[in-house]
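Undergrad: If you scroll down you'll find the structure; I have some questions about it.
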Amino acid sequence: MKPNPKYLSFYYETTKEFPDIVLDRDKTALCIIDMQNEFILRDFGEAKQYKEMGEWERWIPFHDRLDDVTIPACKKMLDYFRENKMFVTFGRIACLMESGEDRSPVQKSEGWNGMLLPINSYAAQMIDELTPMENEIVVNKTTDSVVTGTNYVRLLRNMGVETVVVCGIVTDQCVAGTVRDLADEGFQVIVVEDGCAAADITLHDAELKIMNIIYCNVLSSDETIEVLEANKK
């Protein structure tokens with residue numbers, strides 16, 4: 001497999017070829033992270049707050065990428081996994097108590113990472129394009145990582161999953177935390193580059209460059225589907 005030089009860090013920038021990705025499709029799961037109304041919609045949640053604060057202009061590129069690139073790529077992966085009857089999972093920020101007392105300290109903090117999304121609120125739901133269906137797993141977290149503080153790894157092991165394909169937001173926080181934890185837990189991880197977004201594209205690119213090869217394989221949605229097709233039995 002020839003690597004995309006855009007996402008090769010110092011450690012691997014002289015490497016010209018990597019082994020092809022080998023996986024068992026029956027042991028592969030999709031994980032869509034935090035694609036929720038609070039963060040995605042332009043007339044609700046955080047976007048509404050940014051407009052009230054006079055900061056909307058600087059967030060427009062992020063929302064443009066979400067609408068034009070990230071959501072379509074996530075939908076493409078979701079459709080593929082559903083059509084091929086493969087495992088679909090979601091991780092979302094959602095606290096069990098209306099008061100949010102069950103949140104981790106980081107989500108009780110002041111600033112951009114401080115958030116209160118009660119589990120049954122409109123804000124906490126996945127966007128319409130990526131609404132979970134029956135028989136798809138939704139893991140609720142009050143942490144950045146889908147792994148930390150949840151039973152996600154136990155569920156994956158119960159299902160026999162070995163490879164996780166990751167999409168979602170934001171690349172440099174919840175996505176990165178999840179990817180690193182999954183790698184440390186022994187899973188093979190593919191990150192769908194166009195299926196992720198960060199507040200700033202430089203953060204997105206930098207995080208993927210740091211994680212690629214060490215913790216995951218960074219591929220486009222088309223490349224990911226090519227790998228999944230190549231591993232059909």
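Undergrad: Starting at 0 and stepping by 5 Å, how many percent of the alpha carbon pairs of the range 144-198 end up in each bin?
TA: Calculated over all Cα pairs of the range 144-198, the distribution is 5, 21, 32, 26, 13, 4, 0 percent.
Undergrad: By per-residue mean of other Cβ atoms within 10 Å, what is the highest-first order of 153-162, 216-225, 75-84?
TA: 216-225, 75-84, 153-162
Undergrad: Turning to a different aspect of this structure: Say a paramagnetic label sat at a point 7 Å from the Cα of Asp43, along Cα to Cβ; which residues of the range 58-80 have their backbone N under 15 Å from it?
TA: Residues passing the 15 Å test: none.
Undergrad: Now a separate question. To the nearest 10 square angstrom, what accessible area does Val22 show with a 1.4 Å probe?
TA: 110
Undergrad: Also: Let me confirm the definition first: pairs of Lys residues in the chain, 8 or more apart or on different chains, C-alpha distance under 17 Å. How many are there?
TA: Step by step, the pairs that qualify in the chain add up to 13.
Undergrad: Ok, one more. Determine how many Å³ per residue the convex hull of the Cα atoms of the range 1-109 encloses.
TA: 202
Undergrad: Helix 201-211 sits at what angle to the longest principal axis of the chain, using alpha carbons and giving 0 to 90 degrees rounded to 10?
TA: Taking the Cα atoms of the chain, the angle to 201-211 is about 50 degrees.
Undergrad: Spelling out what I want: for every residue of the range 62-67, take phi, set θ = phi - 60°, compute 6.51 cos²θ - 1.76 cosθ + 1.60 (Karplus), and round to whole Hz; glycine and proline get x.
TA: Rounded to whole hertz, the list is 4, 6, 5, 5, 4, 6.
Undergrad: If you don't mind, there's one more thing I want to ask. Shape call for the range 105-228 from the C-alpha gyration tensor, a ≥ b ≥ c root eigenvalues: rounded (a/c under 1.5), prolate (a/b greater than b/c) or oblate? Working shown, then result.
TA: On the way: a/c = 1.43, a/b = 1.17, b/c = 1.23.
Because its axes are fairly even, with a/c under 1.5, the range 105-228 counts as rounded.
Undergrad: Ordered by residue, what ³J(HN,Hα) values in Hz, to whole numbers, does the range 41-54 give under the Karplus form 6.51 cos²θ - 1.76 cosθ + 1.60, where θ = phi - 60° and Gly and Pro are x?
TA: So the J values, rounded to whole Hz, are 5, 8, 10, 7, x, 4, 4, 4, 5, 4, 5, 5, 7, x.
Undergrad: Now for a separate question. Taking amide H positions as placed 1.01 Å from N in the peptide plane, with prolines and chain starts having none, which residues 5 or more places from Ser145, or on another chain, fall under 5 Å of its amide H?
TA: none
Undergrad: Please identify every one of the GluC sites (Glu not before Pro) in the range 1-51 that sits in a loop by DSSP and has no more than 12 other beta carbons within 10 Å of its own beta carbon.
TA: Numbers: sites: Glu13, Glu17, Glu38, Glu46; in loops: Glu13, Glu17.
Listed in order of number, the matching sites are Glu13, Glu17.
Undergrad: Taking 41 Å as R0, compute the FRET efficiency from the Cβ-Cβ separation of Phe10 and Trp112 and round it to 0.05.
TA: Efficiency computed from Cβ-Cβ geometry: 0.90.
Undergrad: Let me ask you something else. For the range 105-163, state the average projected area of the convex hull of the C-alpha atoms over all orientations, rounded to one decimal in nm².
TA: Over every viewing direction, the Cα hull of the range 105-163 projects on average to 5.4 nm².
Undergrad: Within the set of other residues whose C-beta is less than 14 Å from the C-beta of Leu203, count the net charge using Lys and Arg as +1 and Asp and Glu as -1.
TA: Around Leu203, the surrounding residues sum to -2.
Undergrad: With both bridge residues required to lie in the chain, what share of the DSSP beta bridges run antiparallel, to the nearest 5%? Before the final figure, lay out the partial values.
TA: Working: 1 of 28 bridges.
Counting DSSP beta bridges with both partners in the chain, the antiparallel share is about 5 percent.
Undergrad: In degrees from 0 to 90, rounded to the nearest 10, what is the angle of the helix 71-83 Cα long axis to the longest principal axis of the chain?
TA: Roughly 60 degrees, rounded to the nearest 10.
Undergrad: Still on this structure, I have one more. So what is the 222 nm mean residue ellipticity for the chain from helices alone, if each DSSP H run of at least 4 adds -39500 (n - 2.57) and you divide by all residues, rounding to the nearest 500 deg cm²/dmol? Mind dumping the intermediate values first?
TA: Numbers: 9 runs with 78 residues, N = 233.
After summing the helix terms and dividing by residue count, I get -9500 deg cm²/dmol.
Undergrad: While we're on this one: Based on the Cα coordinates of the chain, what is the per residue volume of their convex hull in Å³?
TA: On the way: hull volume 29.0 nm³, N = 233.
Once divided by residue count, the hull of the chain is 125 Å³.
Undergrad: On the accessible surface of the chain, probed at 1.4 Å, how many percent belong to carbon and sulfur atoms?
TA: Heavy-atom surface of the chain belonging to carbon and sulfur, 1.4 Å probe: 51 percent.
Undergrad: Mind ranking 177-186, 127-136 by how tightly packed they are, going by the mean number of other C-beta atoms within 10 angstrom, highest first? It would help to have the intermediate numbers written out before the result.
TA: Values: 177-186: 18.7, 127-136: 12.0.
For the peptides 177-186, 127-136, the packing ranking is 177-186, 127-136.
The values are calculated or read from the model by the stated rules, or taken from the named source; none is laboratory data. This is a predicted model, so every value here is computed, not measured. All Cβ positions, even for glycine, are placed from backbone atoms using ideal geometry, and neighbour counts span all protein chains on display. Ligands, DNA and RNA are stripped out before the accessible areas are found, and what is left, the full protein with its side chains, is counted by its heavy atoms. Shrake-Rupley method; radii C 1.70, N 1.55, O 1.52, S 1.80 Å.
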